[in-house]
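What follows is a set of notes on a single structure, which appears directly below.
The values are calculated or read from the model by the stated rules, or taken from the named source; none is laboratory data. As the structure is a prediction and not an experimental result, all values here were calculated from the model. Using ideal geometry, Cβ is built from the backbone for each residue, glycine included, and neighbour counts are taken over all protein chains shown.
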Amino acid sequence: MNYTLPFIPERPAQPRNSGITMMMDKGLSIRQVEDYLSANKELTDVVKLGFGTSYLTVNIEQKIKLYKEAGMKVYLGGTLFEAFIVRNMFEDYIRLLDKLKLDCAEVSDGSIVMPHDKKCEYINTLAKNHTVLSEVGSKEAGIIIHPAKWVSMMNSELSAGSWKVIAEARESGNVGIYRANGNAHTILINKILAKVKRDDILWEAPQKAQQVWFIKLLGANVNLGNISYDDVIPLETLRLGLRGDTFFSYLPAELNKKKIKGE
Amino acid sequence: MNYTLPFIPERPAQPRNSGITMMMDKGLSIRQVEDYLSANKELTDVVKLGFGTSYLTVNIEQKIKLYKEAGMKVYLGGTLFEAFIVRNMFEDYIRLLDKLKLDCAEVSDGSIVMPHDKKCEYINTLAKNHTVLSEVGSKEAGIIIHPAKWVSMMNSELSAGSWKVIAEARESGNVGIYRANGNAHTILINKILAKVKRDDILWEAPQKAQQVWFIKLLGANVNLGNISYDDVIPLETLRLGLRGDTFFSYLPAELNKKKIKGE
Amino acid sequence: MNYTLPFIPERPAQPRNSGITMMMDKGLSIRQVEDYLSANKELTDVVKLGFGTSYLTVNIEQKIKLYKEAGMKVYLGGTLFEAFIVRNMFEDYIRLLDKLKLDCAEVSDGSIVMPHDKKCEYINTLAKNHTVLSEVGSKEAGIIIHPAKWVSMMNSELSAGSWKVIAEARESGNVGIYRANGNAHTILINKILAKVKRDDILWEAPQKAQQVWFIKLLGANVNLGNISYDDVIPLETLRLGLRGDTFFSYLPAELNKKKIKGE
């Protein structure tokens with residue numbers, strides 16, 4: 001940190017289990033990854049190589065190596081996992097992870113129908129040799145999953161071996177835990193929080209208003225994902241109360257007298 | 001490609017006549033161009049130096065050389081062509097193309113009124129020594145052109161020597177072939193497709209939903225343009241069915257049983 | 001400039017007092033700053049290290065040095081000033097400016113309540129050794145300030161020593177001088193212009209439509225701020241009439257006959 005200020009919330013040291021930021025790489029070049037790491041190394045915990053971009057990435061081994069050497073968990077987007085599964089190629093998928101030296105993997109069913117037992121079996125198999133993130137929620141706009149089902153799926157996936165369960169929002173932030181207009185499904189999220197350990201959940205929150213909403217609800221050390229590479233530093237200022245939206249979140253009452261209006 | 005998957009649509013080899021991606025450069029620095037090429041060379045066919053940015057570009061000869069050496073067609077945005085025409089400086093424009101060693105040019109009338117005969121004359125003159133892309137459609141929001149006129153303009157411009165005709169959408173994607181909200185003018189587009197050879201049309205489609213819409217309508221190898229430099233890889237995953245939105249587009253019926261709902 | 005065209009508005013030479021472009025740096029890496037400068041040096045006058053990003057910036061001294069050597073004024077975002085003030089740490093803030101060798105500073109009250117006398121005192125104190133930009137307008141969406149108050153605050157801040165007064169819009173462009181939908185508060189802005197010297201005002205205008213609106217109202221050499229690093233070149237083409245939106249702004253009447261419709 002370049003200077004000292006009181007009332008800045010503490011962030012756990014890396015590698016950490018809470019307060020995680022997951023960045024979504026949609027096709028950065030090698031030099032862009034180097035640039036990114038030079039400025040964001042301390043702020044990034046997990047990197048997702050989004051959807052099927054890994055199919056096209058030039059020098060993918062080098063990219064993965066750069067992220068791993070910087071201490072980050074790297075995994076292939078869940079849509080790619082599903083692209084293998086729908087083609088009945090799970091064994092090939094494991095071989096791909098080996099070939100790319102990935103020790104992290106996502107299991108999801110956002111695009112395809114998958115019996116939940118089967119999903120937990122995939123998690124369980126992969127968890128033997130990999131850190132698994134599994135995702136709950138559909139990518140389709142019209143699909144509503146009952147809160148009780150979200151809870152039971154999340155908890156059984158954690159039992160099956162997931163390190164974190166991801167709450168789906170897509171890159172756009174308008175499905176799953178959000179409405180079409182990007183607003184959070186408050187009741188759903190509160191019901192999930194009542195029954196699932198909060199450090200075990202990674203909330204996709206691509207839009208700034210969504211990040212602010214979760215930080216105000218759960219504090220600086222909420223796990224957030226699908227963050228664009230140029231939003232990781234701005235997100236960290238939100239976590240720390242160094243941006244207008246969360247400016248008063250960590251100040252003691254006697255300093256709040258300067259607040260412009262109630263929040 | 002970093003791995004093999006069945007049911008991925010084939011893309012023509014470069015240089016290609018269909019399945020073209022046109023990227024819009026709004027002011028990338030030389031090193032950003034190098035970064036771009038290192039990751040997107042195989043995916044980019046045409047580069048537009050957007051509107052009048054070329055007036056300001058530092059080391060423009062070097063930039064053009066980098067793109068051309070990577071096998072791409074490069075041209076100056078149509079608004080600049082019109083800026084010369086409105087000032088009665090067509091000869092100067094040709095000299096500029098020579099000076100910049102550009103073998104590609106755009107002819108458009110999105111901002112100015114131009115008799116269509118005259119437009120075809122410009123196309124014809126430039127086509128003697130250049131690959132010409134000509135653009136149909138107004139940049140003004142309120143201007144409606146009848147579908148029959150779109151068709152006749154497109155076909156006479158192709159006859160005059162255009163390599164492709166571009167269907168206008170601007171960088172924002174809310175005029176020309178799209179409504180103010182970004183939705184496609186379906187009837188207009190279908191009427192154009194009934195009368196103009198589809199490989200001869202390059203559709204401006206800056207928004208992801210517009211790219212998805214055209215890929216679903218015309219397949220992986222539709223010509224798309226005004227793509228932002230960081231959207232070219234995501235667009236390629238859409239073309240290949242490696243992203244949620246087009247996940248089932250190329251799968252055989254027996255694998256579609258895992259589809260979450262009809263599309 | 002790469003070629004010569006008539007009817008392009010003149011821009012004052014740098015360092016300039018009007019026609020200023022203020023770019024907002026939200027966390028560029030050192031190499032990204034170098035890239036930026038290689039393409040945008042002549043177009044950028046002022047750089048804001050946005051909100052509290054400076055707390056996290058790796059090699060911040062080097063970054064500031066790069067911008068300053070390129071002839072730019074550099075300052076820390078007003079939210080950071082307020083973060084020090086709300087903690088009663090004004091002396092520490094001055095020490096920070098010294099340590100970072102910043103000769104430019106922002107004074108704002110967008111997040112906190114501050115008696116206006118006190119604000120002018122801060123301006124006056126900082127102006128002894130720094131170029132001061134002070135900002136008027138709240139970051140809160142619901143806060144309405146009467147036009148007469150905007151005017152009196154702006155003028156007394158200029159009297160207190162501000163080089164420019166900034167009209168608040170946030171990074172998003174939907175508070176202060178804009179409505180929630182991004183449209184300008186026309187009456188407010190005209191009342192300000194009737195009473196405050198126009199070269200003394202720097203309008204935050206992050207959205208393209210807002211930039212166009214101000215250029216059409218006040219000409220090529222309006223002062224505009226909160227411009228994203230990749231919008232500075234596009235903004236310059238708007239200022240110069242080399243983009244569709246301002247294409248006819250500087251053309252003499254006899255060339256306007258080619259205008260598609262009235263503007």
Query raised in the report: Can you spot a residue in the stretch B:169-187 that is assigned to a helix (DSSP H, G or I) and out of contact with any Lys or Arg (no Cβ under 7 Å at 6 or more places or on another chain)?
Result: yes
Report summary line: C:LYS257 fails exactly one of (1) surrounded by fewer than 17 Cβ atoms within 10 Å (Cβ to Cβ); (2) of a type in the set (Lys, Arg); (3) modelled with pLDDT of 95 or more, namely (3)
Query raised in the report: Taking C:ALA209, is it more than 23 Å from B:SER54 (Cα to Cα), hydrophobic (A, V, I, L, M, F, W, C) and either away from every other protein chain (no Cβ under 12 Å) or touching a Gly at 6+ places or on another chain (Cβ under 7 Å) (or both)?
Result: no
**Report entry** Hits in the stretch C:232-254 - residues which are surrounded by fewer than 22 Cβ atoms within 10 Å (Cβ to Cβ) and among the acidic types (Asp, Glu)
**Finding:** C:GLU254
Report summary line: In the stretch A:65-84, anything surrounded by 21 or more Cβ atoms within 10 Å (Cβ to Cβ) and either in contact with a Leu (Cβ under 6 Å, 6 or more places away or on another chain) or under 30 Å from A:VAL113 (Cβ atoms) (or both) is listed as A:LYS73, A:VAL74, A:TYR75, A:LEU76, A:GLY77, A:GLY78, A:THR79, A:LEU80, A:PHE81, A:GLU82, A:ALA83
Requested in this report: Scan C:LYS164, C:LYS139 and give me the residue that is part of a loop (DSSP other than H, G, I, E, B), among the charged types (D, E, K, R) and in contact with a helix residue (DSSP H, G or I) (Cβ under 8 Å, 6 or more places away or on another chain).
Outcome: C:LYS139
Query raised in the report: Yes or no: B:SER172 surrounded by fewer than 21 Cβ atoms within 10 Å (Cβ to Cβ), of a type in the set (Gly, Ala, Ser) and within 14 Å of another protein chain (Cβ to nearest Cβ)?
Result: yes
Query raised in the report: If you take the residues in the stretch B:1-47 that are of a type in the set (Asp, Glu) and more than 14 Å from chain C (Cβ to nearest Cβ), which one is surrounded by the fewest Cβ atoms within 10 Å (Cβ to Cβ)?
Result: B:GLU10
Query raised in the report: When residues of the stretch C:55-90 are filtered for being over 18 Å from the mean Cα position of the chain (by Cα) and of a type in the set (Ser, Thr, Tyr), how many remain?
Result: 2
Query - Among residues of the stretch A:170-212, those that are of a type in the set (Lys, Arg) and within 16 Å of the chain's Cα centre (by Cα), counted - result: 4
**Report entry** Residue in the stretch C:218-245 that is farthest from the chain's Cα centre (by Cα), counting only those that are without any contact (Cβ under 8 Å) to a residue 60 or more places away in the chain and at the interface with chain B (Cβ under 10 Å from one of its Cβ atoms)
**Finding:** C:GLY244
Query raised in the report: Taking the condition surrounded by fewer than 21 Cβ atoms within 10 Å (Cβ to Cβ), within 27 Å of A:PHE51 (Cβ to Cβ) and away from every other protein chain (no Cβ under 14 Å), does B:ALA184 pass?
Result: yes
Requested in this report: Mind telling me which of the residues B:ASN181, B:ASN174, B:ASN129 ends up being at negative phi and modelled with pLDDT of 95 or more?
Outcome: B:ASN129
Requested in this report: Kindly indicate whether any position in the stretch C:163-185 is farther than 25 Å from C:LYS118 by Cα, out of contact with any strand residue (DSSP E or B) (no Cβ under 8 Å at 6 or more places or on another chain), touching a residue at least 40 places away in the same chain (Cβ under 8 Å) and not charged (D, E, K, R).
Outcome: no
Query raised in the report: So is B:ARG87 farther than 20 Å from B:ILE166 by Cβ and facing another protein chain (nearest Cβ under 7 Å) or not?
Result: yes
Report task. Please indicate, with yes or no, whether at least one residue in the stretch A:220-230 is buried (at least 22 other Cβ atoms within 10 Å of the Cβ), hydroxyl-bearing (Ser, Thr, Tyr) and modelled with pLDDT of 95 or more. Result -> no
Query raised in the report: Is it true that B:SER159 is out of contact with any helix residue (DSSP H, G or I) (no Cβ under 6 Å at 6 or more places or on another chain) and either within 14 Å of chain C (Cβ to nearest Cβ) or part of a loop (DSSP other than H, G, I, E, B) (or both)?
Result: no
Requested in this report: Counting only residues that are free of Cβ contacts under 8 Å to residues at least 40 places away in the same chain and closer than 20 Å to B:LEU28 by Cα, give me the strands (runs of 3 or more DSSP E) lying completely in the stretch C:4-117 with at least 1 of them.
Outcome: C:46-49
Query raised in the report: Does the stretch C:55-71 include one or more residues that are farther than 25 Å from A:THR44 by Cβ and within 8 Å of chain A (Cβ to nearest Cβ)?
Result: no
Query raised in the report: What tally of residues in the stretch C:117-135 results from selecting those that are in contact with a Ser or Thr (Cβ under 8 Å, 6 or more places away or on another chain) and within 14 Å of chain A (Cβ to nearest Cβ)?
Result: 2
